Amino acid sequence: MSDESILLSSLETFYNEGLITDVLDIVKRGKEATVYCCQAHPSTGTKFLAAKIYRPRQFRSFKNDAVYQEGRVILDKRLRRAVKKKTRKGRAVQFTSWVEHEFQTLNLLHAAGADVPRPIAQSGSAILMEYVGDYQLPAPMLKNVSLEPDEAHPLFDLLMGNVELWLACNIVHADLSAFNILYWKGDLKIIDFPQAVDPRLNPSAFPLLSRDIDNLCRYFARYGVHANPSGLAGELWTQFLRAEL
Ligand SMILES: Nc1ncnc2c1ncn2[C@@H]1O[C@H](COP(=O)(O)OP(=O)(O)O)[C@@H](O)[C@H]1O
Ligand SMILES: [Mg+2]
């Protein structure tokens, strides 16, 4: 089977479950995953859905896995041992855990009111979610957008509001940048959560949070948004530690 047909076979479950009726287009072939635009089944109440399919494990290369995996809990004792020993089974569990982790994180954040795509279903290495954009016109990454002068401040505030809400939900994105934010008709959706960490458990959470906020501040600086990234990160972190969020 070709790389492409392996990827597409993961969509069969969504088709069989009556969630999608067709696969229309590739939206983007990313580093770790390929995203497809699918025709949604009318019962989903929407026209299109995005299917993010992770590459088969052997073609993927999550950088620095350990930093992000720290603090993740695998309840099954035997599986935990397999992951530790990096057996075949262990590596498979670890891979599935990236996909499941992204889906669970989207569920939690969407329910909390965060600006993330609505998650619909997960199956194997694929996640089905709200599609941001129009047919053959997927929403661009914020990085490729020219904002109007009066848009920048409110959008920066919206993103910082999200970072704060996620932290209150015990989540740090940990790969936040203008690459992982989609812009559509003046609004934003934040995507790409597999590496998100739990700040209660992960000892790198504060540096990761600081880097996320720094990336946002750098991007918005070109639009005259003056912010103090280390001050903002420190303030949020203090509130988090005092359980004031
Ligand atoms: N829900 C979505 N709607 C529209 N396009 C999406 C959606 N999710 C992802 N994309 C597109 O696919 C690209 C890759 O998705 P992403 O989750 O960032 O994975 P990765 O960067 O790991 O490959 C994004 O940059 C975006 O262009
Ligand atoms: Mg991405």
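Coordinate-derived values only; no laboratory data. Keep in mind it's a predicted model, so treat the numbers as computed, not measured. All Cβ positions, even for glycine, are placed from backbone atoms using ideal geometry, and neighbour counts span all protein chains on display.
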**Asked** Roughly how many whole Å is it from the C-alpha centroid of region 189-210 to that of region 132-186?
**Response** 16
**Request:** Helix by helix through the chain, keep the DSSP H runs that span 20 Å or more along the axis on Cα and average at least -1.0 on Kyte-Doolittle, and give those back in order.
**Result:** 88-111, 152-168, 205-221
**Complete:** Whole-number value, in Å³ per residue, for the convex hull of the alpha carbons of the chain is 135
**Item:** Two-site label geometry, residue 66 and residue 15: point separation in nm, points 7 Å out along Cα→Cβ
**Value:** 4.2
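Roughly speaking, what is the stretch gain from residue 137 to residue 28, that is 0.36 nm per residue apart minus the C-alpha to C-alpha distance, in nm to one decimal? Kindly include the intermediate steps, with their values, before the conclusion.
Numbers: separation 109, 0.36 × 109 = 39.24 nm, distance 1.16 nm.
That pair, residue 137 and residue 28, stretches by 38.1 nm at full extension.
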**Complete:** The distance between the Cα centres of region 221-240 and region 21-36, in whole Å, is 34
**Asked** With each run of n ≥ 4 DSSP H residues scored as -39500 (n - 2.57), what mean residue ellipticity at 222 nm is computed for the chain after dividing by its residue count and rounding to the nearest 500 deg cm²/dmol?
**Response** -12500 deg cm²/dmol
**Fill in**
Taking every other residue with Cβ under 14 Å from the Cβ of residue 202 and scoring Lys and Arg +1, Asp and Glu -1, one gets -2
**Asked** What longest region of the chain stays clear of GluC sites (Glu not before Pro) that DSSP places outside H, G, I, E and B and that have at most 15 other Cβ atoms within 10 Å?
**Response** 152-243
